[in-house]
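The values are calculated or read from the model by the stated rules, or taken from the named source; none is laboratory data. Because the structure is predicted, anything quoted here is derived from the model rather than measured. All Cβ positions, even for glycine, are placed from backbone atoms using ideal geometry, and neighbour counts span all protein chains on display.
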Amino acid sequence: MVLLAAALLLVVACGREQRCGVPIGMTNFEINPNSAYYSGLNNVGGYEYLTGGHRGVVVVRLSWDQFAAYERTCPLDSTTAVVVSEDWGSSLLECPKCKTCFIANSDGMPMDGGSTSCPLYQYSTSYSGGVLWVY
């Protein structure tokens, strides 16, 4: 009975049309988010688009000492880069093609009703002594 349930689960999971295998590129850099050069990150809720990854990296300042860094490649279409929502600011990242919105302070998860259930790829971050590492 357990094997039958496991086989059924496998069939249902494999039938999904989702593609969460987002291509990512090499990302390993450090910045000072409080410097004038990264002025978009000087305040809570700020963001900066940075080079790296596959289609770029967006770094969002969630609090004074907490940051999130996401691959800008949309999980549904690897040719499209997500952007910060014009309506909601850095709390939402939006794919201009499929119109899915991803929640920045919730691990890049898509909002209900989006075109995908796959989150944005999240890079690791570490912040100490005024230096932010993204890797």
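Taking each residue of the range 31-59 that is within 16 Å of Leu92 (Cα to Cα) and among the β-branched types (Val, Ile, Thr) and looking for partners that are part of a helix (DSSP H, G or I) and at pLDDT 95 or above with beta-carbon atoms closer than 8 Å, six or more apart or interchain, yields Val59/Leu41.
Examine the range 48-64 for a residue that is in a strand (DSSP E or B), closer than 17 Å to Cys20 by Cα, modelled with pLDDT of 95 or more and hydroxyl-bearing (Ser, Thr, Tyr), and state whether such a residue exists. Scanning the range 48-64 turns up no residue that is in a strand (DSSP E or B), closer than 17 Å to Cys20 by Cα, modelled with pLDDT of 95 or more and hydroxyl-bearing (Ser, Thr, Tyr). Figure legend. Inter-residue proximity from the range 90-115: first residues within 20 Å of Val44 (Cα to Cα), second residues of a type in the set (Ser, Thr, Tyr), beta-carbon distance below 6 Å, spacing 6+ or different chains. Indicated pairs: Ser90/Tyr47; Leu92/Ser85; Glu94/Ser85; Ala104/Ser90; Ala104/Ser91; Gly108/Tyr70. Taking Thr73, is it among the hydroxyl-bearing types (Ser, Thr, Tyr), crowded, with 20+ Cβ neighbours inside 10 Å and within 23 Å of Pro33 (Cα to Cα)? Criteria met by Thr73.
For the residues Gly114, Gly89, Gly56, the requirement of being under 22 Å from Met26 (Cβ atoms) and surrounded by 13 or more Cβ atoms within 10 Å (Cβ to Cβ) singles out Gly56.
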